[in-house]
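**Student:** I'd like to ask some things about the structure below.
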Amino acid sequence: KLNNSTSLVNSLIALFESYPFVSLFSLLVVVIVPLLYLILHFYLSFAVLIKHKAIFRRYALIILSGIREWYMIDVFLVSILISIIKLKGMFEFSFDPGFYFLLGLCLNILIIEFYSDIRLFWKVLGDD
């Protein structure tokens with residue numbers, strides 16, 4: 001069995017040396033867009049909860065509507081799991097906190113997608 005460890009950050013840095021565009025695109029769709037999606041959703045949900053018109057609600061709603069198709073965190077997680085299954089005889093796997101953070105991020109996005117409706121945000125927070 002091989003003994004080597006890596007993380008998402010180390011993988012992106014190594015990928016950046018050979019394929020900078022692919023590395024930056026991966027960073028965008030796996031890390032930045034999902035976190036932005038969560039932040040905007042929590043921001044708008046909090047505004048609805050306290051019955052306050054969010055300051056940048058229109059821009060936040062436009063961005064939120066546009067980035068729904070661009071987060072690929074679930075695809076990334078499935079590809080990791082498939083790689084683990086295919087390589088389980090060659091490597092010894094251990095899951096560090098980053099994997100659990102990624103799993104939690106996927107679960108949060110899944111729950112948000114299941115229970116939220118962007119049209120309701122537009123209705124409640126839209127322009128008067």
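What follows is calculated from the coordinates using simple rules that are stated; it is not laboratory data. What you see is a predicted model; the values in this text were computed from it and never measured. Cβ atoms come from the backbone with ideal geometry, glycine included; neighbour counts cover every protein chain shown.
**Student:** Dipole of the chain (Lys/Arg Cβ +1, Asp/Glu Cβ -1, origin at the Cα centre): which of 79, 8, 44 lies farthest to the positive side?
**Tutor:** 44
**Student:** What's the ranking of 27-37, 115-125 by average number of surrounding C-beta atoms within 10 Å, highest first?
**Tutor:** 27-37, 115-125
**Student:** Shifting gears a bit: Which of the helices in the chain, when you take each full DSSP H run, stretch at least 18 Å along the axis at their Cα atoms and have an average Kyte-Doolittle score of -1.0 or higher?
**Tutor:** Sorted by number, the helices that extend far enough and score high enough are 33-49, 73-87, 97-115.
**Student:** Magnitude of the Cβ-charge dipole of the chain, K/R +1 and D/E -1, about the Cα centre, nearest 20 debye?
**Tutor:** Its charge dipole is roughly 240 debye.
**Student:** Take peptides 79-90, 99-110 and line them up by average Cβ neighbours within 10 Å, highest first, as a rough protection proxy.
**Tutor:** Sorting 79-90, 99-110 by mean packing, highest first, produces 99-110, 79-90.
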